[in-house]
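S.K.: Take a look at this one; I'll ask things after.
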Amino acid sequence: QVQLVESGGGLVQAGGSLILSCAASGIAVGMNGMSWHRRAPGKQRELVAHFNADGSRNSADSVKGRFTISRDSAKNTVFLQMNSLKLEDTGVYYCEAITPSHSYWGQGTQVTVTS
């Protein structure tokens, strides 16, 4: 059974940093696509950053240069380092694991950026 558990969200001032973690079980983060998404208040969910199964990475233009996705295969965990946070980064952040046949989602972690 695949389980993804996000953590690390919280309240942070604009310009600050947070590191989100996605601890996976039942799936190997180093062998599958892994993504971070977010849903801002009143908006649709959007892709923030993604790891392809081959290890290549990409991120949304809105977070380029500020957010970095990484993974630790030994800990089976994916991270999202978020720097220079802006008010518009507020939202619920979700981790997704992608296999050839299915995708799995975590329950999300709230990030709130204040002025």
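The values are calculated or read from the model by the stated rules, or taken from the named source; none is laboratory data. Source: prediction; values computed, not measured. Positions of Cβ are generated from backbone atoms using ideal geometry, with glycine treated the same way; all protein chains shown enter the neighbour counts. Side chains are part of the model used for accessible areas, which takes the heavy atoms of the whole protein and leaves out ligands, DNA and RNA. Shrake-Rupley method; radii C 1.70, N 1.55, O 1.52, S 1.80 Å.
S.K.: From the list ASN76, ASN32, which one is touching a residue at least 60 places away in the same chain (Cβ under 8 Å), open to solvent by less than 50 Å² (accessible area, probe 1.4 Å) and among the polar types (S, T, N, Q)? Even if it seems obvious, please write down each step before you answer.
M.R.: Details: ASN76 fails: touching a residue at least 60 places away in the same chain (Cβ under 8 Å).
Exactly one of ASN76, ASN32 is touching a residue at least 60 places away in the same chain (Cβ under 8 Å), open to solvent by less than 50 Å² (accessible area, probe 1.4 Å) and among the polar types (S, T, N, Q), namely ASN32.
S.K.: If I filter the range 3-27 down to residues being open to solvent by 40 Å² or more (accessible area, probe 1.4 Å) and outside any strand (DSSP E or B), which single residue comes out as farthest from ASN83 (Cα to Cα)? Talk me through it step by step, then tell me what you get.
M.R.: Taking the range 3-27 as the starting set, the residues that turn out to be open to solvent by 40 Å² or more (accessible area, probe 1.4 Å) are 3, 5, 7, 11, 13-15, 17, 19, 23, 25-26.
Filter again for outside any strand (DSSP E or B), leaving 14-15, 17, 26.
On the way: ALA14: 9, GLY15: 7, SER17: 4, GLY26: 30 Å.
Ranking the qualifying residues of the range 3-27, first place goes to GLY26.
S.K.: Looking only at strands (runs of 3 or more DSSP E) that fall completely inside the range 46-110, which ones have 2 or more residues that are β-branched (Val, Ile, Thr)? I'd like the intermediate steps shown before the answer.
M.R.: Values: elements: 57-59, 67-72, 77-82, 91-98, 103-105.
In the range 46-110, 67-72, 77-82, 91-98 are the strands (runs of 3 or more DSSP E) which contain 2 or more residues that are β-branched (Val, Ile, Thr).
S.K.: Oh, and also: Could you please tell me which pairs satisfy a Cβ distance under 6 Å, a separation of 6+ or placement on different chains, a first residue in the range 42-55 that is at negative phi and among the aliphatic types (A, V, I, L, M), and a second residue that is open to solvent by less than 80 Å² (accessible area, probe 1.4 Å) and at pLDDT below 95?
M.R.: ALA53/ASN32; ALA53/GLY33
S.K.: Which pairs turn up if I take residues in the range 5-18 that are aliphatic (A, V, I, L, M) and look for partners that are part of a loop (DSSP other than H, G, I, E, B) and open to solvent by 60 Å² or more (accessible area, probe 1.4 Å) with beta carbon separation below 8 Å, at least 6 apart in sequence or on another chain?
M.R.: VAL5/GLN107; ALA14/LYS86; ALA14/SER115
S.K.: A further question on this structure: I want to confirm something. Restricting to the range 61-104 and keeping residues that are of a type in the set (D, E, K, R) and under 17 Å from SER25 (Cβ atoms), which single residue is farthest from the chain's Cα centre (by Cα)? Quick ask: steps written out before the conclusion?
M.R.: Here is the first cut: in the range 61-104, the ones of a type in the set (D, E, K, R) are 61, 64, 66, 71-72, 75, 86, 88-89, 96.
Subsequent filtering for residues that are under 17 Å from SER25 (Cβ atoms) retains 71-72, 75, 96.
Working: ARG71: 11, ASP72: 14, LYS75: 16, GLU96: 8 Å.
Ranking the qualifying residues of the range 61-104, first place goes to LYS75.
S.K.: Moving on. Show the residue pairs meeting these rules: Cβ distance below 6 Å; 6+ apart or different chains; first residue within the range 81-99 and touching a residue at least 24 places away in the same chain (Cβ under 8 Å) and within 24 Å of VAL2 (Cα to Cα); second residue among the hydroxyl-bearing types (Ser, Thr, Tyr) and in a strand (DSSP E or B).
M.R.: GLN81/THR68; TYR93/THR109; GLU96/SER35; GLU96/SER103; ALA97/TYR104
S.K.: Further question: Out of the residues in the range 35-62 that are of a type in the set (Gly, Ala, Ser), farther than 21 Å from SER115 by Cβ and at pLDDT below 95, which is surrounded by the most Cβ atoms within 10 Å (Cβ to Cβ)?
M.R.: The first filter runs over the range 35-62 and keeps only residues of a type in the set (Gly, Ala, Ser), leaving 35, 40, 42, 49, 53, 55-56, 59-60, 62.
Among the residues that remain, those that are also farther than 21 Å from SER115 by Cβ are: 35, 49, 53, 55-56, 59-60.
Now narrow it down to the ones that are at pLDDT below 95: 53, 55-56.
Values: ALA53: 14, GLY55: 9, SER56: 9.
In this case the residue turns out to be ALA53.
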